[in-house]
Amino acid sequence: MTTIKDILNFTETFAPLCTAADFDNCGVLVGSTLQEVTKVLLALDITKEVAEEAKNMGAQLIISHHPVIFNPLKALTSDSIPYLLAQFGITALCLHTNLDIAENCGVNVCLANALSLSDTTLYAEDFLLVGKLPEAMSVQKFARFVKTRLGATCVAYTDSKRMLKTLAMCSGAGADFYALAKEKGADVFLTGEAKHHEYLDAAACDIPLVTAGHFHTEDVVITPLKEKLSKKFANVEFVKSKVCKNPYFCV
């Protein structure tokens, strides 16, 4: 018999909750660690559709990257996701910033693997990873490369005349680390999203800022995490969500 506590104990070996950022809310956020588990659904986000998917497949647990409860709840309405999970008897285990910086199967490591980086260095305390691209590329070629490798809906970039070889990156909402990427000697910085003034600052520099979407720079962790868990718990079925998708479209 495997319990949710067993799974949590295992995730603690490579993404301990104590390493999460101070602002974060990770761990078992809905349900009980004592619950027996035979089926687990993995998803980047827990939406209503994901909760219903878990219910329909008979899962006792959803493991997500983004916390299902982030800000303090002032009310628990019947249409809220935590209410639905409790109603369905489904526990939520959320591995957020602790998984971002994990050296083994972390989000940034999985992103680096998806882009075939070499000579990588993970600066966990800075949520930054630096590595070498497979070949030197123009920023236009790099943007197309990222879009293809991540299956991204769209990729935005600031222009540069330099050839790019050293990549610094932070998955998700990591544009705040652009200046640190320059300090680390990066030719280009990749993240999920950025604000207008951050594009302006990068456009004034010869080190391009490239954004490939919050979802696509982080969803790369779900399949490797599923495989890691499946190898450890052979008696538990781990399934990647089919309904968890990028929430917006590009024309």
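The values are calculated or read from the model by the stated rules, or taken from the named source; none is laboratory data. Here the structure is a predicted model, which means the values were calculated and not measured. Positions of Cβ are backbone-derived with ideal geometry, glycine not excepted, and every protein chain shown enters the neighbour counts. We work out accessible area using only protein heavy atoms, side chains counted, and drop any ligands, DNA or RNA first. Shrake-Rupley method; radii C 1.70, N 1.55, O 1.52, S 1.80 Å.
Among residues other than A204 with Cβ under 13 Å from its Cβ, the summed charge is -3 (Lys and Arg +1, Asp and Glu -1). Relative protection proxy for 68-79, 223-234, 125-136, from highest mean packing down: 125-136, 223-234, 68-79 (other beta-carbon atoms within 10 angstrom). Between H197, H66, G131, the Cα set farthest toward the positive side of the dipole of the chain (charges on each charged residue's Cβ, about the Cα centre) is that of G131. At q = 0.15, 0.19, 0.20, 0.26 Å⁻¹, what is the log10 ratio I(q)/I(0) for the stretch 27-98, with the Debye formula run over Cα points and no solvent? Treating every Cα as an identical point scatterer, log10 I(q)/I(0) equals -0.42, -0.68, -0.76, -1.29.
Which of the lysines could a cross-linker span from K5 if the Cα-Cα distance has to be under 22 Å and same-chain partners fewer than 8 positions apart are dropped? Partners within reach: K39, K55, K226, K228, K231, K232, K240. For the set S64, S116, S80, solvent exposure ranked by accessible area (probe 1.4 Å, protein chains only) runs largest to smallest as S116, S80, S64. Solvent-accessible surface of the chain, averaged per residue with a 1.4 angstrom probe and all protein chains in place: 47 square angstrom. Within a straight-line Cα-Cα reach of under 18 Å, K161 can be paired with the following lysines, leaving aside sequence neighbours fewer than 8 residues apart in one chain: K141, K182. Go ahead and collect, in residue order, the members of the stretch 51-73 whose backbone nitrogen is under 14 Å from a label point 7 Å along the Cα-Cβ direction of A234. Counting backbone N atoms under 14 Å from the label point, the list is empty.
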